[in-house]
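See below for the structure under consideration.
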Amino acid sequence: MIELWAVGGYQHVGCKNMTAIKIDDEVVILDAGFNMDVVSNYSGEDSISSLSEKQMRAIDAIPDDSQLKKEWGKYVKAIIISHAHLDHTGAVKYIAPKYNAPIISTPFTYEVIQNLLEGKKIPNKFIRMNPGNKMRISDNIELEFINITHSTPQTVIIALHTKYGTIVYANDWKFDNYPILGKRPNYKRLKSLKNVVLLITDMTRVNEAGRTLSEHIAREMLRDVLLWGNTEGKAVVLTTFASHIARIDTMIKIAKQMNRVPILLGRSMDAYMKAAVRSHVYRLPKGVKVYGFKKQIQKVLKSVEAKRGKYVLIVTGNQGEPESVLTRMVNDEFPFRFRADDYVVFSSSTIPSPTNIARREEIETRLMAKGAKLFKDIHVSGHASREDHRELISMLKPKHYVPTHGDMERLALGAKLAMEMGYELGKTVHIFQEGTHRVLEA
Ligand SMILES: [Zn+2]
């Protein structure tokens, strides 16, 4: 019997991803993430990390697994994390210790989780497994990590091989045929999966027509903006997601082409870069400096201020987060002042929550008031579009299809797409209400 418990991620995008699968009398937990909208409201990661599990639950920052724990807790065999993004990893620290099960992830994701733990010891065993590898979770379940592309390194599609067939969990992915970092999706392996009983997949961008373009396109977009712009003597400030190592690599390379010195600034820039270097997914080019602490950043910006034409600053703050380097720079909290015609490039899209939209608007208005040149949405997404979803379904031909990581509108769009391909609502395509569980295969 296969039963699915939709613990989190079935109500909003970027929100508490967590699914539990029961295969007979064994349970596997897939992801345990933050509610990013709540977490980003807390100024600075310090304050959120000081909250207890109970407090985190009270503010709706982590998935509510209390019922799951009661009913399925003793059957949990493994907690498997698909990739490093906080809406998939953030809650591991609070959720995992309650289960007597190992935490299995790729090395990069492992390093990010260690960083989130901030030295706190949890009783779970950690197992690192590279994409392309397999391991036995129990006599009845074999786990495989299949290489896929997204917007952070070592993202995997999780495959659970069982006697009922293979359960595939693809929560956050894109088909990138020209990735900047890491390999192409392992199409060969995906196509070779013959008996896929269930596919659970991410609906973040199912509302976009066509397919999501390669990260290579984002590189060309940034080149176009930066190499052909009149930047002489001007500050060049770039911002993106700190976990997007491929994008940061592009920025570093372009800085060198501009004959400028790239400098990475911000606590999370430092943390993710360290995770990338430690897990050997990235080698930081010689001469590139990363500063995470406020005092260091202050010192660096003081010297950059006078020689702004010599550097490219790669900073945190693409969503206008209050504690980020960009926001503090705009607020004149550092010894650096924006001047007319300085370049500010947002290599990201705004995650469409009311908070983010308002924050970004404020930052942009203030930057424009200072005379800076703004470049926005110099970005391609890390999430599959509509035609990518269709392709994945054709490739895997799953018996059951479960859309996740989306609001009701997106989950319904995913279901509709599957129905166009012959799936039947309630029989082979299933929309889950968050917090509910249901048998999919008797
Ligand atoms: Zn993600």
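The values are calculated or read from the model by the stated rules, or taken from the named source; none is laboratory data. Since the structure is predicted, the reported quantities are computational estimates derived from the model, not experimental observations. Ideal geometry is used to build each Cβ from the backbone, glycine not excepted, and the neighbour counts take in all protein chains shown. To get the accessible areas, we keep the full protein, side chains included, count just its heavy atoms, and leave off ligands, DNA and RNA. Shrake-Rupley method; radii C 1.70, N 1.55, O 1.52, S 1.80 Å.
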Check your understanding: How many residues are within 16 Å of the ligand (Cβ to nearest atom), assigned to a loop (DSSP other than H, G, I, E, B) and farther than 23 Å from Thr250 by Cα if we restrict to segment 162-199?
Key -> 1
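Considering only residues that are of a type outside the set (A, V, I, L, M), part of a strand (DSSP E or B) and open to solvent by 20 Å² or more (accessible area, probe 1.4 Å), which ones fall in segment 131-156? Outline the logic, then answer.
Within segment 131-156, the subset of a type outside the set (A, V, I, L, M) is 131-134, 136, 138-140, 142, 144-145, 147, 149-155.
Subsequent filtering for residues that are part of a strand (DSSP E or B) retains 134, 136, 142, 144-145, 147, 149.
Residues satisfying the conditions are Lys134, Arg136, Glu142, Asn147.
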Review point. If you check every pair at least six apart or on different chains, which have Cβ atoms under 6 Å apart with a residue in segment 18-32 that is assigned by TED's automatic domain parsing to the domain that holds Lys77 first and a residue that is of a type in the set (Gly, Ala, Ser) second?
Key: Met18/Gly8; Met18/Ala32; Glu26/Ser138; Val27/Ala20; Val28/Ala78; Ile29/Ala20; Asp31/Ser82; Ala32/Ala91
Check your understanding: What number of residues within segment 54-92 satisfy the criterion of being polar (S, T, N, Q) and more than 14 Å from Ile104 (Cα to Cα)?
Key -> 3
Review point. Of the conditions (1) more than 24 Å from the chain's Cα centre (by Cα); (2) surrounded by 22 or more Cβ atoms within 10 Å (Cβ to Cβ); (3) farther than 22 Å from Asp224 by Cβ, Lys307 fails just one. Which one is it?
Key: (2)
Point to revise | Criterion (within 15 Å of the ligand (Cβ to nearest atom) and in a helix (DSSP H, G or I)) met by exactly one of Ala246, Ala242 | key: Ala246
Exercise for review: Could you list all residues from segment 383-399 that are in a loop (DSSP other than H, G, I, E, B) and more than 26 Å from Met221 (Cβ to Cβ)?
Suggested key: Lys397, Pro398, Lys399
Revision key, fill the gap. With criteria (1) surrounded by fewer than 23 Cβ atoms within 10 Å (Cβ to Cβ); (2) part of a loop (DSSP other than H, G, I, E, B), Ile48 comes up short on (2)
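A quick yes/no check of all residues on (1) out of contact with any Pro (no Cβ under 8 Å at 6 or more places or on another chain); (2) open to solvent by 10 Å² or more (accessible area, probe 1.4 Å):
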| residue | (1), (2) |
| --- | --- |
| Trp228 | yes, yes |
| Ala246 | no, yes |
| Ala255 | no, no |
| Val261 | yes, yes |
| Leu265 | yes, no |
| Ala276 | no, no |
| Val290 | yes, yes |
| Lys299 | yes, yes |
Practice item. Give the residues of segment 24-42 that are open to solvent by 10 Å² or more (accessible area, probe 1.4 Å) and modelled with pLDDT of 85 or more, sorted by residue number. Key: Asp24, Asp25, Glu26, Phe34, Asn35, Met36, Val38, Val39
Study note, to complete from the structure: For segment 371-385, pairs from a residue that is β-branched (Val, Ile, Thr) to a residue that is more than 15 Å from the ligand (Cβ to nearest atom) and open to solvent by 30 Å² or more (accessible area, probe 1.4 Å), with Cβ under 6 Å and 6 or more apart or across chains, are Ile378/Met221; Val380/Leu213; Val380/Ile217
Practice item. Return a yes/no flag: does segment 209-216 have any residue that is crowded, with 24+ Cβ neighbours inside 10 Å, within 16 Å of the ligand (Cβ to nearest atom) and within 25 Å of Leu413 (Cβ to Cβ). Key: yes
Study note, to complete from the structure: Across segment 117-145, the tally of residues that are in contact (Cβ under 8 Å) with a residue 40 or more places away in the chain and either within 16 Å of the ligand (Cβ to nearest atom) or closer than 19 Å to Tyr282 by Cβ (or both) stands at 2
Check your understanding: Got at least one residue in segment 165-182 being at pLDDT 95 or above, over 23 Å from the mean Cα position of the chain (by Cα) and among the β-branched types (Val, Ile, Thr)?
Key -> yes
**Study point:** Residue in segment 400-415 that is at negative phi, surrounded by 15 or more Cβ atoms within 10 Å (Cβ to Cβ), part of a helix (DSSP H, G or I) and within 16 Å of the ligand (Cβ to nearest atom) present
**Key:** yes
Point to revise | Breaking point among (1) touching a residue at least 40 places away in the same chain (Cβ under 8 Å); (2) over 28 Å from Phe338 (Cβ atoms); (3) more than 16 Å from the ligand (Cβ to nearest atom); (4) open to solvent by less than 20 Å² (accessible area, probe 1.4 Å), for Ala159 | key: (1)
Practice item. Consider Ala96 carefully, then state whether it is of a type in the set (A, V, I, L, M, F, W, C), surrounded by 15 or more Cβ atoms within 10 Å (Cβ to Cβ), not in a helix (DSSP H, G or I) and not assigned by TED's automatic domain parsing to the domain that holds Pro322. Key: no
Point to revise | Residue under evaluation Met221, criteria (1) in the same structural domain as Thr89 (by TED's automatic domain parsing); (2) surrounded by fewer than 22 Cβ atoms within 10 Å (Cβ to Cβ), criterion not met | key: (1)
